[in-house]
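A.B. asks: Let me give you the structure first, and then I'll get to my questions.
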Amino acid sequence: MTMNNPVDTRYATRETQRRDGFTVVELLVATGIFATLVTIAVGVFIQALRTERILLHLMAINNNSGSAIEQIAREVRTGYRFCEASYIDPDNIGPCLAAEGNDYLKFTNYQGVQVTYQLVVDADGHGTIVRSVGGVDVPVIASDVNVLNLWFTVSQPDENRCAPWLVTLFLAFEAADPSITQQKSFMQTSLTSRVLPAEAPGTPEQIFNTCPR
């Protein structure tokens, strides 16, 4: 009969216990790797949130700027007397040549009221688009948009005043809060009035009759 050696069994148990555990060095290495992975994951998550915030803000200011341009476009399409000369002499409806342009646009809307769209910059350097009617100024763009440049050019070179007015609008803007993003955006569009100069209210009949129908 073979008898077990109690000493050998004790040593075997100790060896088994040693193999089942982790050393301090292994724990330190595992903790370091885990901390590194968590730091990377948190950094990526924070960057993703920041990028999403910037994109949402850019979408908001672009939508606001687009809405302002659309409001101007609707009123321009049904307006008349866009030429610089008609600001002084209401009976002068054209022709007018495209000049260097202005940071404002004056014309008469479909209600027969003179309207002005212009760039207004306050003391803090924040620019906005203002619609002025009868001495009342109303901003047409959100306060979170800083308008850097607003430029209008008007042309109607036809001496017979049979061609429509052409208004070109250029807009440069950015976020009013530079801590979010300092990216600049630009928009440009060209608009034509549906009211021909010769057909505008108040136009002499002899001019009206010069244009083909």
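A.B. asks: Exactly one of (1) within 25 Å of residue 58 (Cα to Cα); (2) of a type outside the set (Lys, Arg); (3) assigned to a strand (DSSP E or B) is unmet by residue 124. Its number?
C.D. replies: The one condition residue 124 does not meet is (3).
A.B. asks: Let me ask something else. Go through the residues of segment 202-212 one by one and say whether even a single one is of a type in the set (A, V, I, L, M, F, W, C) and assigned to a loop (DSSP other than H, G, I, E, B). Break it down stepwise before answering.
C.D. replies: Step one: filter segment 202-212 for residues of a type in the set (A, V, I, L, M, F, W, C), giving 207-208, 211.
Checking the rest, the ones that are also assigned to a loop (DSSP other than H, G, I, E, B) come to 211.
Scanning segment 202-212 turns up at least one residue that is of a type in the set (A, V, I, L, M, F, W, C) and assigned to a loop (DSSP other than H, G, I, E, B).
A.B. asks: Just need a number here: residues in segment 102-116 that are in a loop (DSSP other than H, G, I, E, B) and either more than 18 Å from residue 171 (Cβ to Cβ) or of a type in the set (A, V, I, L, M, F, W, C) (or both). Break it down stepwise before answering.
C.D. replies: Quick first cut of segment 102-116, residues in a loop (DSSP other than H, G, I, E, B) only: 103, 109-113.
Then drop every residue that is not either more than 18 Å from residue 171 (Cβ to Cβ) or of a type in the set (A, V, I, L, M, F, W, C) (or both), which leaves 109-113.
Adding up the residues that qualify gives 5.
A.B. asks: Being among the hydroxyl-bearing types (Ser, Thr, Tyr) and within 24 Å of residue 193 (Cβ to Cβ) is the filter here; which residues of segment 110-166 pass it?
C.D. replies: Initially, segment 110-166 is screened for residues among the hydroxyl-bearing types (Ser, Thr, Tyr), giving 110, 116-117, 128, 132, 143, 153, 155.
Matches in segment 110-166: 110, 116, 117, 132, 153, 155.
A.B. asks: Which pairs turn up if I take residues in segment 103-132 that are acidic (Asp, Glu) and look for partners that are at pLDDT 90 or above with beta carbon separation below 9 Å, at least 6 apart in sequence or on another chain?
C.D. replies: From segment 103-132, the pairs are 103/118; 103/119; 103/149; 103/150; 103/151; 103/152; 122/128.
A.B. asks: Where residues in segment 59-82 are out of contact with any Leu (no Cβ under 9 Å at 6 or more places or on another chain) and not in a helix (DSSP H, G or I), which of them is surrounded by the fewest Cβ atoms within 10 Å (Cβ to Cβ)?
C.D. replies: First, pick out the residues of segment 59-82 that are out of contact with any Leu (no Cβ under 9 Å at 6 or more places or on another chain): 59-64, 66-67, 70-71, 74-75, 78-79, 81.
Checking which are not in a helix (DSSP H, G or I) leaves us with 78-79, 81.
Working: 78: 13, 79: 26, 81: 26.
Result: 78.
The values are calculated or read from the model by the stated rules, or taken from the named source; none is laboratory data. The model shown is predicted, which means the values in this text are computed figures rather than measured ones. All Cβ positions, glycine included, derive from the backbone under ideal geometry; neighbour counts span all protein chains shown.
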